[in-house]
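Note sheet for the following structure.
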Amino acid sequence: MENSQDLLIITGSYGSGKTEYAVNLAVEKNQGGAPTTLVDLDVVNPYFRSRDVRDQFSSLGIEVVAPEGAFTHADLPMLSPRVKGAVKRTDRTVILDVGGDPMGARVLGRFSQDIMARAYSMALIVNTRRPETEDLEKVLNMAAMIQRASGLQITELVANSHLMEFTDTDVVVEGIAAAREAAGALNAKFTRVCVLEDHLDNVDASALDAELVVLKKFMKKPWEPGCRKAYRC
Amino acid sequence: MGKKVLMKGNEAVAEAAILAGCRHYFAYPITPQSELIEYMAKKMPLVDGTFLQAESEVAAINMVLGAAACGVRVMTSSSSPGISLKQEGISYIAASRLPAVIVNVTRGGPGLGNIAPMQCDYFQATRGGGHGDYYTPVLSPSTVQEFADMAPMAFEIAEKYLTPVMILGDGMLGQMMEPVEFPDAYPPQKDPSEWALGARRTPDDRHIINSLYIDPYVLQEKTETLFKVYEEIKKNETRFETYNMDSGAKYLIVAHGTAARVAKSAVDALKEEGVELALIRPITLWPYPYDAVAEAAKGKEKVITIELSMGQMVEDVKLAVCGECPVEFIGKAGGVVFTPEEIVSLIREKIS
């Protein structure tokens, strides 16, 4: 197999918006023409996991690798046996949605040999409105702990500061500043800033000096309009 | 107020408890509540507090009893099956007239059930839960902010009436993230010399923490005293919220917690179609706002109770409405939550 497709690893603190970003990235890559696989490596969160979009994604032709059957709803620290195969694949773009914090990133250590044997990028999603990553020092601390737990290097930073419906320009700009500074300190690239499409009206896009990614909300609460199916954890 | 941050309900209630001066926390992990115990494990040492993962839920609740007897703000938390295990201790705490806070982030039941959000512990929470003649004030949050705000509220009620207080969240409230703010100051702890061990106010003021009264007349008197306190709690602490009450609605919806969020979305959706619904959300489940529900039901053609269970609070709604109009029920078992479209069509069926 030709090593043509990317392996993209999405990490961050708990609640940084990793899953929302990973799911959107899968759609973006798929729409760009790359055959895409999304791997749910979250063994930390019991709700709001990328496996929740499996049915939606199968109709788009995006493969989701996650525990199957009754285990879909389990809170067990278990992974699909298909993960090991997926991280080696170079004929598809493979996105790893990793659980939050170093605890979630520890799972990567299991696959780090296979991952380091090929090219990969590892993104740290930064939301400065999560108390665990509220300033540069805490972001760098989180980054160091995730690198140690996973045995891998963070190569890019993605700003994702938001406060749900209270998101405004200041909140987003604050995230860009922290992600950019952290990228400098980690010898990584600051790549993009995310804003949820529902919040675009509250944000002055011209004030954001970075590539803007408009995210569509997939991880909906059951009472939010457009929630697709009866919520199951 | 501090700066707005994004937190899970489990984290927010833990942070608020610490800010409110809780320095003692004993628990045993269980999904979907585990972030709460993890947060306490991380933060308690930073404030010179005591975090202890007990060997079981039974041990944890008895540690709570011990700490409460010593006059400190103390909390425990668990999810449904773990709360069942704590019931003996909660009964002892209630009988011993000690203030403590218990958080239940409920999951699907009965049995081990599953880790999905459900409201099927309503009976257990509002009818005492353990053995004996007692009640526990029960607070039901419906947002992450309210979950956080209920921590200091629970300590205040607990200390004012010397009773255990339960915050009854559910897996959705524990797991979901919402913006939350914490006030700069919290109400201080009430002087514990009223109840705590070793805090004699006068030479004769002996504090003996006990729930064993072999003499039936003494137990009778103690229990009657407890129920006088419950009357005070009913009078002073009954809380509820209403929504869209002045719309001339012919129908009343009653829902609490997560189900109230779903219900509110249905009220808004049906309003756009020209159908008005009034909503009442009990905030205290015990004491239940019977009078407020009765008042809200006056002149309505129908009352509809929405719960994430096979129907528990609906019995309190029937007691409140007392035959004034039909009371219908919409519910789901298994931890499955209604989608916005589904709840709207289920309500439409009931009112057509």
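Derivation of every value follows stated rules applied to the coordinates shown; laboratory data play no part. Quantities reported herein were computed from a predicted structural model and do not represent experimental measurements. Quick reminder, even Gly has a Cβ in these numbers, built from the backbone with ideal geometry, and neighbours come from all protein chains shown.
Taking each of A:LYS18/B:LYS86; B:LYS3/B:LYS43; B:LYS160/B:LYS250; B:LYS3/B:LYS264; A:LYS84/B:LYS4 in turn, the alpha-carbon distance tops 30 angstrom for A:LYS18/B:LYS86; B:LYS160/B:LYS250; A:LYS84/B:LYS4. Excluding same-chain neighbours fewer than eight residues apart, the aspartates and glutamates reachable from B:LYS298 by a Cα-Cα span under 14 Å are B:ASP246, B:GLU324.
Only aspartates and glutamates eight or more places from A:LYS88 in sequence, or on another chain, were considered; those with a Cα closer than 18 Å are A:GLU2, A:ASP6, A:ASP40, A:GLU63, A:ASP97, A:ASP114. Only helical runs count toward this figure. For chain B, summing -39,500 (n - 2.57) over DSSP H runs of n ≥ 4 and dividing by all residues gives -13000 deg cm²/dmol at 222 nm. For chain B, the longest principal axis of the alpha carbon atoms and the long axis of helix B:57-69 meet at an angle near 60°. For the options A:LEU38, A:LEU108, A:LEU136, a Gaussian network treatment of chain A with springs between C-alpha atoms closer than 10 Å singles out A:LEU136 as fluctuating the most. Most tightly packed first, judged by the mean number of other beta-carbon atoms within 10 Å of their residues, the peptides A:169-179, B:320-330 read A:169-179, B:320-330.
Under 1.5 on a/c is rounded, so check that first for region B:25-95, then, if it is not, pick prolate when a/b is larger than b/c and oblate when it is not; a ≥ b ≥ c are the square roots of the alpha carbon gyration tensor eigenvalues. Oblate.
Each peptide among A:196-207, B:3-14 gets the average number of other Cβ atoms lying within 10 Å of its residues, and from highest to lowest they stand as B:3-14, A:196-207. To the nearest ten degrees, helix B:257-272 and the longest principal axis of the Cα atoms of chain B are 20 degrees apart. The H on the amide N of B:HIS24, modeled in the peptide plane, is under 5 Å from the matching H of B:THR50, B:MET75, each at least 5 residues off or on a different chain. Per-residue shielding of B:11-17, expressed as the average number of other chain Cβ atoms within 10 Å of the residue Cβ, stands at 1.
Residues B:VAL303, A:VAL107, arranged from fewest to most other Cβ atoms within 10 angstrom of their Cβ, appear as A:VAL107, B:VAL303. Is the shape of chain B best called rounded, prolate or oblate, per the rule: a/c under 1.5 gives rounded, else a/b larger than b/c gives prolate, else oblate, with a ≥ b ≥ c the square roots of the Cα gyration tensor eigenvalues? Note, shape of chain B comes out prolate.
Residue by residue, region A:157-167 carries 3J(HN,Hα) couplings of 10, 10, 7, 9, 5, 7, 9, 6, 5, 8, 5 Hz when phi is fed to the Karplus relation 6.51 cos²θ - 1.76 cosθ + 1.60 (θ = phi - 60°); x denotes Gly or Pro. Spatial offset of region A:158-233 relative to region B:38-69 amounts to 37 Å, using the alpha carbon center of each.
Per residue of peptide B:175-183, the mean number of Cβ atoms on other chains within 10 Å of the residue Cβ is 4. Ignoring aspartates and glutamates fewer than eight residues from A:LYS221 along the same chain, the ones with Cα atoms less than 15 angstrom from its Cα are A:GLU20, A:ASP52, A:GLU165, A:ASP198, B:ASP170, B:GLU178, B:GLU341, B:GLU342.
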